1. List the lysines whose Cα lies under 23 Å from the Cα of Lys176, skipping any in the same chain that are fewer than 8 positions away.
2. If the chain between Glu140 and Ser162 were fully stretched, how many nm would it gain, using 0.36 nm times the residue separation less the Cα-Cα distance?
3. If I stretch the segment between Asn41 and Arg170 completely, what's the gain in nm (0.36 nm per residue apart, minus their alpha carbon distance), one decimal?
4. Could you work out the equivalent-ellipsoid semi-axes for the chain, taking the square root of 5 times each eigenvalue of the Cα gyration tensor, largest first, in whole Å?
5. May I ask for the angle, rounded to the nearest 10°, between helix 168-178 and the longest principal axis of the chain, with both axes built from Cα atoms and the value confined to 0 to 90°?
6. Among Ile39, Pro133, Ser29, whose Cα lies farthest out toward the positive end of the dipole of the range 4-239, if unit charges sit on the beta carbon of Lys, Arg (+1) and Asp, Glu (-1)?
7. How many percent of all Cα-Cα pairs in the range 174-220 sit more than 17 Å apart?
8. State the cysteines of the chain left without a partner when partners are defined as other cysteines whose beta carbon lies under 4.7 Å away.
Amino acid sequence: MQPIVIIAAVPAEIELLEKALEYSGRVKSGGYEYMEGTIGNLRVVVSAGGVGKVNAAAVSAVMIDRYHPQLVINTGCAGAYIGSGLTIGNLVVASEEMLGDEGVTEPGGWKGLRYMNITSIEQGGLCCYNSLPLSRHASEKAMQLADYYGVFLMRGRSVTVSTCSGTKLRGSELSKQWSAVMENMEGAAVAQVCLRCGVSCLEIRGISNIVDDRDPKKWDIPKAVEAAQRFILKYIEEMDRPEIAFASKVTPEL
């Protein structure tokens, strides 16, 4: 049975998921430590691979190569852009991940990969620059599930950055540039590896802060990561029902 692989950056973002695993054991492979177990009848693998795109890409590659999963779920916290309509504790499912840093800065300003005529991924008719699609099928199932349980879940673009936006101005720039609702530090890397390997990717994040002039006292990371994990547990419960069918391969959705 192909497992579900869940990837986050730090242990707090997978703590509840690990506790939910039955018949679990801790494994080390490819330089990463992770938990294997079951939730209902489904095999689930959970890993906190570290912060940032490099860690996220590496752990994604290791997990996919070892397990050939039917679905990769990327989770954790995120900052919501002002004007997105999101508040702390809300949930977002990413429709696309934007590589927010990849590009070039010229005298006239910053330009992305399309301007440079450099693709981030190109294979099998799929050609991506800074925009990386995630599984539409999986995200629609998430929206249906949220509607059924009366959970607020927004579907929108997310920007992945190496340097978090610590000012209101920078957040506003990225939000407008990419028409995005949130930002994080790993999502695009996970999405890109999944696209290359032909594995469906779902990204569910909890909002821990509003992207404004940086003030950690206003953040609530525990609330954000708990909300995301509890929703993912519901999502996996739905996957365990025989009548629920999930596609294991990615169809280009550009």
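The numbers here are math on the coordinates, done by the rules we state, and not lab data. Note that the structure is predicted; figures quoted are calculated from it, not measured. Cβ sites come from the backbone with ideal geometry, for glycine too, and all protein chains shown count toward neighbours.
1. Within reach: Lys53, Lys111, Lys168.
2. 5.1 nm
3. 41.9 nm
4. One finds semi-axes of 27, 21, 17 Å for the chain.
5. Taking Cα atoms only, the helix is inclined about 80 degrees.
6. Farthest towards the positive pole: Pro133.
7. Tail fraction, whole percent: 50.
8. Lacking a cysteine Cβ partner under 4.7 Å: Cys77, Cys127, Cys128, Cys164, Cys197.
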